[in-house]
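The values are calculated or read from the model by the stated rules, or taken from the named source; none is laboratory data. Just so it is clear, the structure is predicted and the values come from calculations on it, not from any experiment. All Cβ positions, glycine included, derive from the backbone under ideal geometry; neighbour counts span all protein chains shown. The accessibility values were calculated without ligands, DNA or RNA, using every heavy atom of the protein model including side chains. Shrake-Rupley method; radii C 1.70, N 1.55, O 1.52, S 1.80 Å.
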Amino acid sequence: MGLLAYLKTQFIVHLLIGFVFVVSGLVINSVQLCTLVLWPLNKQLYRRLNCRLAYSLWSQLVMLLEWWSCTECTLFTDQATVDRFGKEHVVIILNHNFEIDFLCGWTMCERFGVLGSSKVLAKRELLYVPLIGWTWYFLEIVFCKRKWEEDRDTVIEGLKRLSDYPESMWFLLYCEGTRFTEKKHRVSMEVAASKGLPALKYHLLPRTKGFTTAVKCLRGTVAAVYDVTLNFRGNKNPSLLGILYGKKYEADMCVRRFPLEEIPLDEKEAAQWLHKLYQEKDALQEMYNQKGVFPGEQFKPARRPWTLLNFLAWATILLSPLFSFVLGVFASGSPLLILMFLGFVGAASFGVRRLIGVTEIEKGSSYGNQEFKKKE
């Protein structure tokens, strides 16, 4: 095992990476708070600044995937679609099967220059998660409680507010509403059968309200829908902890572009279009399981150096005073100071682990289990 491979497995190194991410995130959130004064004066300047501030935080996670674990991402699509990446507003539909599916999506956003301006329809609970939710608030992320009667006006207002967004925007929708588990899949297929819809093998039944509303509100702003189906070679099921330990994965992403004018205006017809899309996604997953590849040309967009340089800059700024402080604590010989410092390290470790836990499937939303609970 080489030195770098050894360091990737060490807890203290993980803690230092977490320290840089958390402290830089708090600094970035503080600066974002100050930018709020710009909103009534120059909304577009506020947005451009916050895109770059968000990039400085999110790119640290992308750095872990690209440079720390050296995970490779391959696109299966066509040249015409690749040529449009990063040059238009789009809605992204991504299957929600893996703990790091969002990170693979962010990697593609970074490589085509839209990481800072990427959006998502997110559950409202995330708004209160430090760093993640706070940064999203300043980015005008659309939050929802996933109770349509309560969400309708909020979601419509949030989507319409993005109609004049100045940077190319990729708006992510997890139409399944929650991550795939066997229990949720069983319940979802019972619901599909009750509605006379074809069964899906690899996906949950898509929730159509968010999709049809997004398409309706963003029509005239968004140029297309990108359907993305993600899988990992070797039937791997990667995690953020695995990435932190330097494990390398190979992600394959099948991307299909649908011009927005191809999607029906009528809400019921648009919902039917989405159901058909998920049947096609299921067929793509079946093909991948049998052949090990998706259809289409293969593209491997080159990773850019900015994520690594950004992290190294933050690490230089934040770790130098930290090391000086630690040396001072132990040089003092004070048992109280040393115990307080060790307590702080323990609390920091717990906090970083909790942040990582947000991505874990078993810690995921219970959304979609209500019918199961009723049956039990």
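Here are some notes:
- The stretch 162-198 and the stretch 302-345 have Cα centres lying 41 Å from one another.
- Mean residue ellipticity, 222 nm, helices only, the chain: the sum of -39500 (n - 2.57) across DSSP H runs of n ≥ 4, divided by residue count and rounded to 500, is -17000 deg cm²/dmol.
- The stretch 18-35 and the stretch 204-266: distance between their alpha carbon centers, rounded to Å: 28 Å
- Dipole axis of the chain (+1 Lys, Arg; -1 Asp, Glu on Cβ), positive-most option in 330, 4, 244: 330
- Over the chain, the pair-distance histogram of Cα-Cα distances with 10 Å bins from zero comes to 5, 22, 32, 25, 11, 4, 1, 0 percent, rounded to whole numbers.
- Straight-distance crosslink candidates among aspartates and glutamates, where the alpha carbon sits under 13 Å from residue 184 and sequence neighbours closer than 8 are dropped: 176, 362, 371
- Environment charge at residue 112 (Cβ cut-off 14 Å; Lys +1, Arg +1, Asp -1, Glu -1): +2
- Here is what passes the span test in the chain: the DSSP H helices with alpha carbon length of 24 Å or more along the helix axis and a Kyte-Doolittle mean of 1.6 or above are 11-35, 306-332, 335-357.
- Relative contact order (%) - criterion: Cα under 8 Å, at least six apart; region: the stretch 122-166: 33 percent
- Whole-percent carbon and sulfur share, accessible surface of the chain, 1.4 Å: 61 percent
- Accessible surface for the chain, divided over its residues, is 48 Å² per residue with a 1.4 Å probe.
- Simple point charges give the picture: +1 on the Cβ of Lys and Arg, -1 on the Cβ of Asp and Glu, and for the chain a dipole about the Cα centre of about 460 debye.
- DSSP beta bridge pairing in the stretch 91-198, given as percent antiparallel to the nearest 5: 0 percent
- Considering only 170, 181, 155, and ranking their Cα positions along the charge dipole of the stretch 137-193 that arises from unit charges at the beta-carbon of Lys, Arg, Asp and Glu, the one farthest toward the positive end is 181.
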